[in-house]
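The values are calculated or read from the model by the stated rules, or taken from the named source; none is laboratory data. Just so you know, these numbers come straight off a predicted model, no measurement behind them. As a convention, Cβ positions derive from the backbone with ideal geometry for all residues, glycine included, and neighbour counts pool all protein chains shown.
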């Protein structure tokens, strides 16, 4: 299976579009193949503002209208209580809303950007997607994350080297209720860190403040700038701690 063959066999589909590297390449490939693929962005409390900005920018550059679905995840107790299966309930709710919107626009097939490097075993979110019949063309075509980045660069997509991003809900420890104020604090903090040139990092909320996890390549810099980072984040976090193990890979 190739992407070209997939879109030849499935010339009309709705795309779960995040503005990330994977869904960006998928939209580009679909349009290049002449398919009628409509991107949908499901906006919840868990997506930071820059994700929607990137999605809109990409759609403008590719000449495709982005359709926005607004959904409150915090209104769902099974999600807001943040149980171990939170991602299952969250993904199922998001893709159910997307499927309903797509069906009303006469798109019966829904696709997403899961690639061949993504592990699908024992992942609650992936289970929800499979149950709803969502297909993953990149995975079916055997396209890995590294290949996604290479093809995206060749296609001139600005997302080719965009770091992978997990939703803001992952910044809250499992079992701790997800509060809108905590999500806002996490987003503000990560925006400030991004403004300093940090990439591929996470700010994890803890009862005492924030745990900062930096890419291995930037860990030494973060340790040197620890006092400055403490001042930068002091308004929202009384204490910060830098994870000495850092972050690796995508």
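Summary table
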| item | result |
| --- | --- |
| Evaluation of residue 231 against (1) in contact (Cβ under 8 Å) with a residue 40 or more places away in the chain; (2) over 24 Å from residue 55 (Cβ atoms); (3) exposed (fewer than 15 other Cβ atoms within 10 Å of the Cβ) (one fails), failing number | (1) |
| Test result for residue 113, buried (at least 20 other Cβ atoms within 10 Å of the Cβ) and either assigned to a loop (DSSP other than H, G, I, E, B) or at pLDDT below 95 (or both) | yes |
| Odd one out for residue 18, checked against (1) closer than 19 Å to residue 183 by Cβ; (2) under 15 Å from the mean Cα position of the chain (by Cα); (3) at pLDDT 95 or above | (3) |
| Any pair with Cβ under 8 angstrom, 6 or more apart, that starts in region 108-132 at a residue that is not assigned by TED's automatic domain parsing to the domain that holds residue 147 and ends at one that is modelled with pLDDT under 90 and assigned to a helix (DSSP H, G or I) | none |
| Helices (runs of 4 or more DSSP H) lying entirely in region 127-229 (those with 1 or more residues that are touching a strand residue (DSSP E or B) at 6+ places or on another chain (Cβ under 7 Å)) | 137-140, 180-195, 216-224 |
| Residues (in a strand (DSSP E or B) and buried (at least 18 other Cβ atoms within 10 Å of the Cβ)) located in region 68-110 | 110 |
| Residue ID - modelled with the highest pLDDT, chosen from residues in region 230-250 that are in contact with a helix residue (DSSP H, G or I) (Cβ under 6 Å, 6 or more places away or on another chain) and assigned to a loop (DSSP other than H, G, I, E, B) | 236 |
| Residue 247 touching a strand residue (DSSP E or B) at 6+ places or on another chain (Cβ under 6 Å), free of Cβ contacts under 8 Å to residues at least 24 places away in the same chain and surrounded by 14 or more Cβ atoms within 10 Å (Cβ to Cβ) | no |
